[in-house]
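Chemist: Dropping a structure here in structure tokens format, bear with me for questions.
Derivation of every value follows stated rules applied to the coordinates shown; laboratory data play no part. Note that the coordinates shown come from a computational prediction; the quantities given were computed from them, not determined experimentally. Reconstructed Cβ throughout: ideal geometry from the backbone, glycine too, with neighbour counts over all protein chains shown.
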Amino acid sequence: MSQTLALIHTSPTLTPIFGALCSQHLSGVNVFHMVDESLIKDTIRHGALRRVTIRRLLAMLQSAQDAGADAVMVTCSSIGAGVRIGQQVMDIPVIRVDDAMAEEAVQRGSRIGVMATLRTTLEPTLALLRDKADAAGKSVELVSSLCDGAFEAMLAGDTATHDRILSKALLEEMKDVDVVVLAQASMARVVQAMGQDALPMPVLSSPELAVLRARDVLHACDVLLGKPVEAAV
């Protein structure tokens, strides 16, 4: 019997991005998407993740499990604290979209650049990197950049301005770091457009690393249940 992965998004723009990555890396896995923009809109409006929003996220996680998901990925970094609670209380694995990215960043360098277009995403990402560094027994310096105006440009449909602000920050504010972390999944396409060769440092984004983590999690679930596991593609 094939496995099922649910993805919870706070923006419909992420559905095709993660859908394509799941098709590429999760051969034979059933995937379904759940989208609720109000989760991120409430967090932005109040400047923090509220308890009521966490409770609503937990309800979505339960709904995903009830719908047959073997694991759930939450693709929004701004509500990461709620994901942590979900990992503690759910009966199936809950994957935080930026966990794998943060772990790799800590492995790659001690001076880590962090870029975001929302403060509600920047702060949780910085906290996550500190936690991962502590867990690895490593001291890191975090250099953050809040790309003012980029999020507003994206909301207005002005992707060219959004991309220009991010590209400038990458080239000017991040030039002395060992590795850069893009705090939002939606930022990944900017690096793709620029080309990694145009940048003096590695730049990590969460979508592909998260999907690869999901593949590992589903593989581990099959091993624990004693099911035959297909070779990873």
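Chemist: Computed over the Cα atoms of region 12-108, what is the convex hull's projected area averaged over all directions, in nm²?
Modeler: Reported value for the Cα convex hull: 7.1 nm².
Chemist: Under a 5 Å amide H to amide H cut-off, with H placed in plane at 1.01 Å, what residues pair with Gly113 once short-range neighbours are removed?
Modeler: Correct list: Val143, Asp178, Val179, Val180, Val181.
Chemist: Which of the helices in the chain, when you take each full DSSP H run, stretch at least 15 Å along the axis at their Cα atoms and have an average Kyte-Doolittle score of 0.5 or higher?
Modeler: Span-like helices in the chain: 14-25, 206-225.
Chemist: What base-10 log of the normalised intensity I(q)/I(0) is obtained for region 44-175 from the Debye formula, alpha carbons as equal point scatterers, at q = 0.11, 0.13, 0.21 Å⁻¹?
Modeler: -0.47, -0.65, -1.23
Chemist: Could you list which residues have their amide H under 5 Å from that of Gln3, counting only those 5 or more apart in sequence or on another chain, with H placed in the peptide plane?
Modeler: It is Asn30, by chain and number.
Chemist: Follow-up. So, in nm, how far is label Phe32 from label Asp66 when the simple model puts each one 7 Å beyond its Cα toward the Cβ?
Modeler: 1.2
Chemist: Using 7 Å Cα-to-Cβ label points, what is the Leu199/Ala156 separation (nm, one decimal)?
Modeler: 2.5
Chemist: Show me, bin by bin at 10 Å from 0, the whole-percent P(r) of the chain based on Cα pairs.
Modeler: With a bin width of 10 Å, the distribution comes to 8, 33, 36, 20, 3, 0.
Chemist: What does the charge count near Ser144 come to, summing +1 for each Lys or Arg and -1 for each Asp or Glu among other residues with Cβ under 15 Å from its Cβ?
Modeler: Details: positive: Arg111, Arg119, Arg130, Lys175; negative: Asp98, Glu123, Glu141, Asp148, Glu172, Glu173, Asp176, Asp178.
In short, -4.
Chemist: Same structure, new question: Sort Thr10, Thr15, Thr4 so that the residue with the fewest other Cβ atoms within 10 Å of its own Cβ comes first and the one with the most comes last. List each step's numbers first, then the result.
Modeler: On the way: Thr10 23, Thr15 15, Thr4 18.
Exposure proxy ranking, most exposed first: Thr15, Thr4, Thr10.
Chemist: With just the Cα atoms defining each centre, how far is region 182-218 from region 3-45? Give it in Å.
Modeler: Centre-to-centre (Cα) distance: 16 Å.
Chemist: For region 99-205, max minus min Cα coordinate along each principal axis, in Å, sorted largest first?
Modeler: Cα extents, longest axis first: 42, 30, 20 Å.
Chemist: Quick check: residue separation of Ala136 and Arg55 times 0.36 nm, minus the Cα distance between them. What number comes out in nm?
Modeler: Values: separation 81, 0.36 × 81 = 29.16 nm, distance 3.07 nm.
Computed gain between Ala136 and Arg55 is 26.1 nm.
Chemist: Pick out which of Ser205, Ser77, Ser63 has the largest mean-square fluctuation in a Gaussian network model of the chain, springs linking Cα atoms closer than 10 Å.
Modeler: The residue that fluctuates most here is Ser63.
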